[in-house]
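First comes the structure, then the notes that go with it.
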């Protein structure tokens with residue numbers, strides 16, 4: 001702060017390079033927020049007004065609003081039964097002649113079927129954007145999520161694994177896409193020749209495609225750099241908590257803990273459960289100070305999106321029964337014990353059984 005380098009500075013590049021090392025990926029471009037990163041990915045995918053984008057309705061508006069911003073149409077994909085990811089068969093069935101791109105949301109840090117979806121997209125000439133906004137360091141096999149598609153996006157909102165107060169990042173498989181993203185995130189300006197040697201704007205520097213303001217500033221980047229060395233331990237702590245909670249919740253009537261996809265390791269932004277008569281149980285949890293939640297509200301219910309109604313039976317069940325339980329690294333052993341005690345009390349009071 002004392003340096004005066006608030007907007008631009010050395011930490012922007014340091015954070016991008018540190019993320020590349022952390023994720024073992026290349027061509028990372030930081031942005032002011034995750035929605036800007038998705039907007040860039042959609043634009044680089046060639047999405048224009050009238051195009052279709054496959055996506056899950058059970059997501060944050062920070063994900064799907066970028067589709068509407070471009071005048072494109074979201075084509076909603078159903079979730080797999082009793083799972084935290086999209087259904088591969090329904091994904092393929094949802095493809096239209098106008099499908100230009102797809103967003104695969106790794107819900108709450110639980111990896112989705114990225115390899116299968118990537119293979120379909122490659123065969124059908126569809127650009128795949130992995131939404132890893134709360135799945136930092138989640139893995140499928142020996143690969144981190146975000147390494148399967150053409151693009152991946154990350155979020156550094158205050159409740160993410162790395163908190164820069166606000167911020168996002170875009171990973172591009174193609175180095176030319178990364179170069180173009182760096183221009184578009186700053187109005188389309190080419191930083192190599194936009195200013196002359198004496199600091200004035202260069203009248204000979206053209207802007208062939210106008211972008212918008214989406215750069216991550218130097219202060220936020222510095223906050224990110226300061227957390228790079230400790231983020232792995234935070235993710236591991238959340239995994240330890242989730243594993244412990246899974247064992248304790250397994251025998252509670254009325255609660256089904258969702259298992260992660262085979263051969264995957266979630267980052268566990270939350271622990272996802274399906275609970276009968278969810279609203280009554282959730283109300284009791286909140287009354288006892290447990291900050292559990294429904295997580296999202298399905299975006300296909302909003303009139304602001306271009307209509308593309310499809311039957312989504314599994315999403316219906318998920319939306320009506322999900323409770324996202326806290327399992328973050330900040331919780332202590334006493335917090336976890338209290339959480340389980342409250343869940344047991346709530347389900348006993350309601351006397352609900354799950355099939």
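Where a number appears in this text, it was derived from the coordinates with a stated rule and is not lab data. All values reported here derive from a predicted model rather than from experimental measurement. FYI the Cβ positions are ideal-geometry reconstructions off the backbone, even for glycines, and counts take in every protein chain you see.
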Given Cα pairs under 8 Å that are at least 6 residues apart, what percent is the relative contact order of the chain?
21
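Set the Förster distance to 22 Å, then compute FRET efficiency between residue 230 and residue 139 from the Cβ-Cβ distance, nearest 0.05.
FRET efficiency, residue 230 to residue 139: 0.75.
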Taking the highest mean first, how do the peptides 283-291, 121-129 order by number of other beta carbon atoms within 10 angstrom per residue?
121-129, 283-291
What do you get for the angle between helix 218-227 and the principal long axis of the chain? Use alpha-carbon atoms, 0 to 90 degrees, nearest ten.
50
Please state the equivalent ellipsoid semi-axes for segment 231-350: what are the square roots of 5 times the Cα gyration tensor eigenvalues, largest first, in whole Å?
26, 19, 14
Work out how much length residue 6 to residue 302 would gain on full extension: take 0.36 nm times their residue separation and subtract the Cα-Cα distance, in nm to one decimal.
102.8 nm
Among beta bridges assigned by DSSP with both residues in segment 10-227, the antiparallel ones amount in percent, to the nearest 5, to 50
Based on alpha-carbon centroids, what's the gap between segment 209-271 and segment 6-78 in Å, whole number please?
18
How far is helix 10-23 tilted, in degrees, relative to the longest principal axis of the Cα atoms in the chain, given as a value from 0 to 90 rounded to the nearest 10?
50
Starting from the Cα gyration tensor of segment 13-93, take the square roots of the eigenvalues, sort them a ≥ b ≥ c, and report rounded, prolate or oblate (rounded when a/c is under 1.5, otherwise prolate if a/b is larger than b/c, else oblate).
oblate
Taking the chain, how much of its Cα-Cα pair set, in percent, is spaced more than 30 angstrom apart?
39
Length released on extending from residue 320 to residue 337, taking residue separation times 0.36 nm less the Cα-Cα span
3.5 nm
Tilt of helix 34-44 relative to the longest C-alpha principal axis of the chain, in degrees (0 to 90, nearest 10)?
60
